[in-house]
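Report on the structure given below.
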Amino acid sequence: MLVGVIFFSGCGAGAHDVTKAQHRDRYGESEIIYGEYDGSLAAVCNNGVFVGLADNGVISYKGIPYAEPPVGELRWKDPVPARDSEIVRQAYYFGYSPIQSEWPSEVGSYYPQIEDCLTLNVWSNTNGPAEGKTVMVFFHGGSYGWGATSEPMYDGHHLVEKYPNIVLVTVEYRLGVLGFIDFSSVPGGEAYATSGNLGLLDQICALQWVQKNIAAFGGDPDNVTVFGESAGAGSVSLLPLTEEADGFYRRIIAESGSVALTYSREECQNLTKLLLEKSGCATMDDLKALSEEELVSLNEDLNDYNNFPERDGIVLPEDLYGAYANGDAAKADMLIGTNADEVRRWIAERGYYAPGIPGMPLYRYGFPIMYENNRKRMTDEEKQCVNAFLALNNGQSIWKLTELYNELLFRIPAMKQAELHSANGNRVYAYYWTMPDEDETLGACHAIELSYVFNTISTFSKT
């Protein structure tokens with residue numbers, strides 16, 4: 001069944017309280033260290049020595065590059081692992097955010113943005129064991145077009161402070177027109193065969209860096225758990241189907257996302273056509289000649305049309321559920337789940353499409369319109385199934401539709417993925433999140449669990 005795409009943020013409750021100005025004030029430039037430095041705060045990695053900052057026993061290392069800058073001849077190319085270096089650098093500040101349009105519920109979009117965004121951050125607690133710690137690597141959400149590790153909700157200090165036996169890593173990856181776009185229809189595009197999944201390849205490159213270097217932070221490279229929410233959950237669900245990621249992780253946690261959050265080659269062509277029309281470009285050489293400023297402006301117009309990862313038959317199989325069913329997914333433990341009221345998040349999001357207008361009225365009118373548009377594309381058999389489902393639910397039609405989209409977009413895909421992965425001998429666990437937002441209208445909506453996961457609930461609570 002074909003359904004419309006709803007744009008969900010990767011933020012949890014309370015993140016909107018951080019203003020644009022406050023977030024930009026967090027930015028700073030880490031510098032090369034030429035003199036003496038505190039060796040107890042230093043991590044020796046293949047691409048340099050990185051000196052972090054200590055806070056109550058937790059050392060943070062921010063803005064560490066894991067790949068060469070994806071600019072110039074590397075724009076729209078597979079990530080190139082960061083080259084070896086012995087330079088000593090500060091790791092005090094987050095790296096730049098990936099290029100994206102600014103969006104109130106994605107606070108990381110307010111952080112300075114450039115193409116050169118392939119960095120990661122590490123938190124380690126000196127009160128825990130000196131080595132052999134469990135490693136957790138997080139990929140943020142944001143519909144593959146928004147999000148950044150500088151989002152306050154993803155700050156790893158509180159999680160690692162509470163669980164000193166964990167080393168936490170958060171990763172930036174390319175988004176939108178720079179991370180997920182198909183150029184197969186563009187003259188010269190044959191040299192960019194994997195452009196539809198560059199963001200995923202960035203994530204794999206980051207995992208490769210973790211394998212090489214995480215021991216320097218006290219982590220065990222053979223005990224890595226990858227986890228993510230929304231688009232991040234989709235990402236970690238896809239990793240077992242990519243040969244390039246084999247051996248880089250042991251466990252997967254997918255929060256409110258699955259392999260369903262992908263596009264076919266045909267679906268990916270819309271963004272390509274729009275980019276060519278908006279830019280006036282006709283070839284890959286034309287596109288490569290665009291300045292960074294021009295790309296930022298173009299992305300502003302196109303961010304609402306972002307692609308999801310592409311079932312391209314190169315990086316990803318064309319039939320993802322079939323690949324899981326055939327046992328093609330790499331062996332890994334999996335925890336996957338959804339929230340009770342996933343799509344109610346749209347109540348809050350819709351308020352940003354029309355400032356000054358409450359989200360609930362827009363939700364009440366917008367959701368039925370989307371449903372009717374989806375219904376036109378359903379087969380008769382699909383309509384019968386939908387009618388039967390709606391008849392099972394009591395109450396107002398808007399809440400019936402909410403439950404329908406909760407099932408279609410989140411629960412059914414996640415449970416099918418879990419079922420197939422389990423059938424091939426993997427340990428699979430499922431959860432169902434019911435703790436609601438402080439706003440009872442939102443309920444246990446999409447992303448509400450994040451402040452609990454990162455142990456930042458007290459930071460963002462309004463009570």
Single unsatisfied condition, Tyr144 versus (1) touching a residue at least 40 places away in the same chain (Cβ under 8 Å); (2) surrounded by fewer than 24 Cβ atoms within 10 Å (Cβ to Cβ): (2)
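In the set Asn387, Asn426, Asn394, Asn406, which member is surrounded by 16 or more Cβ atoms within 10 Å (Cβ to Cβ) and either without any contact (Cβ under 8 Å) to a residue 24 or more places away in the chain or out of contact with any helix residue (DSSP H, G or I) (no Cβ under 8 Å at 6 or more places or on another chain) (or both)?
Unique residue meeting the criteria: Asn426.
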Residues of segment 23-71 satisfying the condition of being part of a loop (DSSP other than H, G, I, E, B) and among the basic types (Lys, Arg): Arg26
Subset of segment 161-177 (residues that are surrounded by fewer than 24 Cβ atoms within 10 Å (Cβ to Cβ) and part of a helix (DSSP H, G or I)): Glu161, Lys162
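Is at least one residue of segment 378-392 of a type in the set (Gly, Ala, Ser) and touching a Phe, Trp or Tyr at 6+ places or on another chain (Cβ under 7 Å)?
No; the residues of segment 378-392 include none that is of a type in the set (Gly, Ala, Ser) and touching a Phe, Trp or Tyr at 6+ places or on another chain (Cβ under 7 Å).
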Segment 164-206, residues that are hydroxyl-bearing (Ser, Thr, Tyr) and more than 25 Å from Gly95 (Cβ to Cβ): Ser184, Ser185
Per-region count, segment 324-366, residues modelled with pLDDT of 85 or more and of a type in the set (Phe, Trp, Tyr): 3
Only listed residue being closer than 15 Å to Arg345 by Cα and either in contact with a His (Cβ under 6 Å, 6 or more places away or on another chain) or free of Cβ contacts under 8 Å to residues at least 40 places away in the same chain (or both), chosen from Leu450, Leu362: Leu362
Top-ranked residue in segment 35-49 [being without any contact (Cβ under 8 Å) to a residue 24 or more places away in the chain and more than 17 Å from Val122 (Cα to Cα); ranked as surrounded by the fewest Cβ atoms within 10 Å (Cβ to Cβ)]: Gly35
Segment 186-200 - residue that is in a helix (DSSP H, G or I) and among the polar types (S, T, N, Q) and, of those, farthest from Ala130 (Cα to Cα): Ser195
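The values are calculated or read from the model by the stated rules, or taken from the named source; none is laboratory data. Keep in mind that what you see is a predicted model, and the values were worked out from it rather than measured. Here Cβ is always computed from backbone atoms with ideal geometry, including for glycine, and neighbour counts include all displayed protein chains.
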